[in-house]
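Following: one structure in structure tokens, then a few remarks.
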Amino acid sequence: QVYLVQSGGGSVQAGGSLRLSCAASGINFKIHTMKWYRQAPGEERDLVAEITSSGTTTYTDSVKGRFTISRNNDRNTVYLQMNSLKPEDTTVYYCSTHKGPTVFWGKGTLVTVSS
């Protein structure tokens, strides 16, 4: 069974920083692309950032230059470092990966940015 256990997040004032972590088990972590999504109430889940097995990263435009995705294959963990946070970054963040056709999700972490 694949498990994605998220930690981190919380509340911060605008301009502050937070780091999300996602520890994976049940997969050969080093070969998997790992992703972070976020979803506001009533809206679709949007891709925020992803990192391939080779370390190539991509970001949605709204977080470029502020967020950094990274991975530690020894710890089977993917991170999302979020700097210069804005109130509009407030929402629930999910880590994700897939194994074959099946997509797996973490349980979500709430990030709240106050102005």
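The values are calculated or read from the model by the stated rules, or taken from the named source; none is laboratory data. This structure is a prediction, so every number in the text was calculated from the model and none was measured. Glycine gets a Cβ as well: all are built from the backbone with ideal geometry, and neighbour counts include every protein chain shown. When the accessible area is computed, the model is the full protein with side chains, heavy atoms only, and any ligands, DNA or RNA have been set aside. Shrake-Rupley method; radii C 1.70, N 1.55, O 1.52, S 1.80 Å.
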Filtered residues of the range 61-80 (kept if basic (K, R) and either in a strand (DSSP E or B) or within 14 Å of S17 (Cβ to Cβ) (or both)):
R66, R71
I'd like to check something: does the range 89-102 contain any residue that is acidic (D, E) and in contact (Cβ under 8 Å) with a residue 24 or more places away in the chain?
yes
Out of the range 36-47, which residues are open to solvent by less than 50 Å² (accessible area, probe 1.4 Å), at pLDDT 95 or above and either farther than 16 Å from T112 by Cα or in a loop (DSSP other than H, G, I, E, B) (or both)?
W36
Exactly one condition in (1) touching a strand residue (DSSP E or B) at 6+ places or on another chain (Cβ under 6 Å); (2) under 28 Å from N28 (Cβ atoms) is false for K99; which is it?
(1)
So which residues in the range 2-35 are surrounded by fewer than 20 Cβ atoms within 10 Å (Cβ to Cβ), outside any strand (DSSP E or B) and in contact with a strand residue (DSSP E or B) (Cβ under 8 Å, 6 or more places away or on another chain)?
V2, G9, A14, G16, S17, G26, I27, T33
Quick check on my filter: what residues within the range 56-72 are aromatic (F, W, Y) and touching a residue at least 12 places away in the same chain (Cβ under 8 Å)?
F67
